[in-house]
1. Quick check: the distance between the Cα centres of segment 81-156 and segment 180-236, to the nearest angstrom?
2. With only Lys, Arg, Asp and Glu charged, each at its Cβ (+1 for the first two, -1 for the last two), find how big the charge dipole of segment 2-204 is about the Cα centre; round to the nearest 20 debye.
3. Over segment 251-482, what per residue volume does the convex hull of the Cα atoms give, in whole Å³?
4. If exposed GluC sites (Glu not before Pro) are those in a DSSP loop with at most 16 other Cβ within 10 Å, what is the longest stretch of the chain that has none?
5. Name the long-range amide H neighbours of Asn451: under 5 Å, sequence gap of 5 or more, or other chain; modelled H, no Pro or chain starts.
6. Simple spin-label model, 7 Å along Cα-to-Cβ: Leu170 to Asp45 in nm?
7. Which ³J(HN,Hα) values, rounded to whole Hz and listed in residue order, are derived for segment 198-213 from phi using the Karplus coefficients 6.51, -1.76 and 1.60 in 6.51 cos²θ - 1.76 cosθ + 1.60 with θ = phi - 60°, glycine and proline given as x?
8. Expressed as a whole percent, how much of the Cα-Cα distance distribution for segment 68-155 exceeds 17 Å?
Amino acid sequence: MIYEIIGSRIVSPFIGTSTYVWTSLIGVILASLSLGYWLGGRMADNRPDPKILALVIFIAGGLVSLTVLIKEVVLTAVASSALGLEFKSVLASLFLFAPASVALGFVTPYAVKLKMSSLDDSGKTVGRLYALSTVGSIVGTFAAGFFLIPFVGSVRTMYLIAATLIVLALVLAPIALTRANLSVPILFILGVASSEAGKYYLWQTNELHDIDTEYSRIQVFRTTDAKTGRAMRALATDPYYVQSAIYLDGEDLALRYSPFYHLLRHFRPGFKKTLMIGGAGYTFPQEYLRSYPSASMDVVEIDPGMTRIAHDYFRLRDDPRLRIIHEDGRVFLNTAGTAEYDSVLVDAFGSLFTVPHQLTTIEAVNNVRRLLDEDGVVIFNIGSAIRGASSKFLLSEIATYRTVFPHVYLFKVNTEYPDEKVQNFIIVACKSACDVTDRGSDPEISRLLSNRYAADFELETPILTDDLAPVEYYNSFGQSSQGR
């Protein structure tokens, strides 16, 4: 179970953590375990020997070490292929996690055979071993989720798994130091050394911090803005999108979509209390506090680890006008007070790889509408295309919002991009009549309003509901196009 849970963190920087990834990991590992059970049962009947059991556990440790050693090469190759996300997920799982899972599956039936002294106590023996195996899985699951991932880290937990298997094998039975057997500790040493050397190199070149939190594997690194040449610190949770960034030489917003949240002063003048769902690096909440000294903001961020990162690397400071709630955004929407806010900003859809589907549905949108006052407005960022196969998520979300809000506007962040390209769009939805006409008194607002997408497009996809929200399926088209 630890191996399976860690697997999602290993692949997430390359192909994300969508339902497709979890489905592939679980399916491939279960299939591999089944093959291991069959092989272990056959071998146990032919050659029941503790030395063979120890050798298989020893080999399993070597195969986990091999996963550590080759993961970057395999995942880079898979992620850059032109295959659909479904096939990428299956291939990554097969190459990295199937071999060790087969060896681990071998263990239980073989151990049953070794422990079984007669048919009279076979039921007791099998029951005891499977109970111990299940208890181990339970302990491993909680250990991985509550301790190993957030405090040890995903890759270093792989070191621990490999080392534990190797030591356990040596305790069970002596293993001859043949050339083949020596490859196992060599693989372990090479895997640890290459991984740590890679981390050190990235730290030296990009100041990369690879951080596991309770919810995500987050990479914080130094980079340069391609347009301005200015040094930035960025935060990413997947291979193609930066979720937050700051300039190291100033406080102005670094990402092109972020200034569009200032449209709230056009669509909801006089706002006093804003809700933002999704904190990440807290770059816009800090901008909001600087720009609007008489207003306050509540930020709902599910991951306390993300908030710690914002404090450590993105200049977040405590402020009495900023209230941070560590809770799932949908749970907060379900329980927030009616007409409590005059504006809602959403920055939870910035990536195709980790879209929280529970925030996309008509039930969630109805809750957003409920907690807005009568002139309230919602503004959110979404990554998608507006035409072609990669547009399904955006079109479904617009259709969903139009079912609830009478006025919905679309803005294209990068007007120079073709409509078929996956990019940032901003959706603005007003609870009552709101004017999109440029009044000409605010140059920044005039510039933002000029990016309104006015061309016609067909909303051919159905609205999203809690019962049916195929967000991963819709986004798989866009994800596949990013790897080409």
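Laboratory data are not the source of any read-out in this text; all were calculated from the coordinates shown. Please read all numbers here as calculations on a predicted model, not as lab measurements. Note that we place each Cβ from the backbone using ideal geometry, even for glycine, and neighbour counts take in every protein chain shown.
1. Distance between centres, Cα-based: 27 Å.
2. Value, rounded to 20: 200 debye.
3. Each residue corresponds to 125 Å³ of Cα convex hull volume.
4. 1-206
5. Here the answer is none, since no amide H 5 or more places off falls under 5 Å of that of Asn451.
6. Label-label distance for Leu170 and Asp45, simple model: 3.6 nm.
7. Going residue by residue, I get x, 4, 5, 4, 5, 5, 5, 8, 10, 6, 6, 10, 9, 10, 9, 10 Hz, with x marking Gly and Pro.
8. In whole percent, the long-distance tail amounts to 67.
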